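A.B. asks: My questions will all concern the structure given below.
The values are calculated or read from the model by the stated rules, or taken from the named source; none is laboratory data. Please read all numbers here as calculations on a predicted model, not as lab measurements. Glycine gets a Cβ as well: all are built from the backbone with ideal geometry, and neighbour counts include every protein chain shown. When the accessible area is computed, the model is the full protein with side chains, heavy atoms only, and any ligands, DNA or RNA have been set aside. Shrake-Rupley method; radii C 1.70, N 1.55, O 1.52, S 1.80 Å.
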Amino acid sequence: ENYRHEVVHGIHNHWVVNGWDYTKHERIFEYKHLDGSRVNQISNVLNTIKNNFEEKGRVSGRDFQATTWMPWNDLFVDDPPCLQRIHFRLFEIPDLKGEFVLHMSTDWRSRDLFKAWFMNVYAMTDLQRMMAGRIQETLDRKVHIGNYVDYSNSLHIYGAYEKDFCK
């Protein structure tokens, strides 16, 4: 539960200046540019969805995403972000005119199946739920939670956990 709050609500963002290189929340909601300015990627996604809907009368974007990777920094730290990208895709439901479904996918650089995968999925699907609610408020339209797709470049179990699996 602490991890979910860390990702969705940023309860450990203050640790970034006290020894941590980053938190997922900080990278998603307070992404820091080289010049020190910050951008809330979630607010940008919501604003783009709203503008798209108001200007076109529909939501057709395929570009609703947030990234965590900072190439000028992350190649040079001991513990770079495993989460690389979150992609949101919003579709109008044909049988329910005016209602939408929010699908979300995530791309991960590397992940420990035994100790991280479940917590990551739990936090990400809660972020998806939160985003569906925020989009619903933004568009004043019902938004259902759709599929969650999770992709890992390296999903592994460390040899140190062998005793937990091989008895």
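A.B. asks: Which pairs turn up if I take residues in segment 23-50 that are open to solvent by less than 40 Å² (accessible area, probe 1.4 Å) and look for partners that are small (Gly, Ala, Ser) with beta carbon separation below 6 Å, at least 6 apart in sequence or on another chain?
C.D. replies: Between residues of segment 23-50 that are open to solvent by less than 40 Å² (accessible area, probe 1.4 Å) and residues that are small (Gly, Ala, Ser), the close pairs are His25/Gly10; Ile28/Ala66; Gln41/Ala66.
A.B. asks: Mind telling me which of the residues Thr138, Thr67, Thr125 ends up being under 21 Å from His33 (Cα atoms) and of a type in the set (Ser, Thr, Tyr)?
C.D. replies: Of Thr138, Thr67, Thr125, the one residue that is under 21 Å from His33 (Cα atoms) and of a type in the set (Ser, Thr, Tyr) is Thr67.
A.B. asks: Something else about it: Looking at segment 48-63 only, could you name the residues that are touching a Lys or Arg at 6+ places or on another chain (Cβ under 8 Å) and closer than 12 Å to Arg89 by Cα?
C.D. replies: Scanning segment 48-63 gives a single hit, Arg62.
A.B. asks: Here is a follow-up. Counting only residues that are among the hydrophobic types (A, V, I, L, M, F, W, C) and at pLDDT 95 or above, how many does segment 140-164 have?
C.D. replies: 3
A.B. asks: The conditions are (1) under 21 Å from His87 (Cβ atoms); (2) touching a Pro at 6+ places or on another chain (Cβ under 9 Å), and Thr67 fails exactly one of them. Which is it?
C.D. replies: Among (1) under 21 Å from His87 (Cβ atoms); (2) touching a Pro at 6+ places or on another chain (Cβ under 9 Å), the lone unmet condition for Thr67 is (2).
A.B. asks: Pick from Pro80, Pro71: which is part of a loop (DSSP other than H, G, I, E, B) and out of contact with any helix residue (DSSP H, G or I) (no Cβ under 8 Å at 6 or more places or on another chain)?
C.D. replies: Pro71
A.B. asks: Quick test for you: out of Arg141, Arg62, Arg89, pick the one residue that is over 22 Å from Glu6 (Cβ atoms), in contact with a helix residue (DSSP H, G or I) (Cβ under 9 Å, 6 or more places away or on another chain), of a type in the set (D, E, K, R) and open to solvent by 30 Å² or more (accessible area, probe 1.4 Å).
C.D. replies: Matching residue, one of Arg141, Arg62, Arg89: Arg141.
A.B. asks: Conditions first: (1) in contact with a Gly (Cβ under 7 Å, 6 or more places away or on another chain); (2) of a type in the set (D, E, K, R); (3) part of a strand (DSSP E or B). Glu26 passes all but one, so which condition is the exception?
C.D. replies: Of the numbered conditions (1) in contact with a Gly (Cβ under 7 Å, 6 or more places away or on another chain); (2) of a type in the set (D, E, K, R); (3) part of a strand (DSSP E or B), the odd one out for Glu26 is (3).
A.B. asks: Next question, about the same structure. Of all residues in segment 140-167, how many are out of contact with any Asp or Glu (no Cβ under 9 Å at 6 or more places or on another chain) and assigned to a helix (DSSP H, G or I)?
C.D. replies: So the answer is 6.
A.B. asks: So, in segment 77-86, of the ones that are in contact with an Asp or Glu (Cβ under 7 Å, 6 or more places away or on another chain) and under 21 Å from Val45 (Cβ atoms), which residue ends up surrounded by the fewest Cβ atoms within 10 Å (Cβ to Cβ)?
C.D. replies: Arg85
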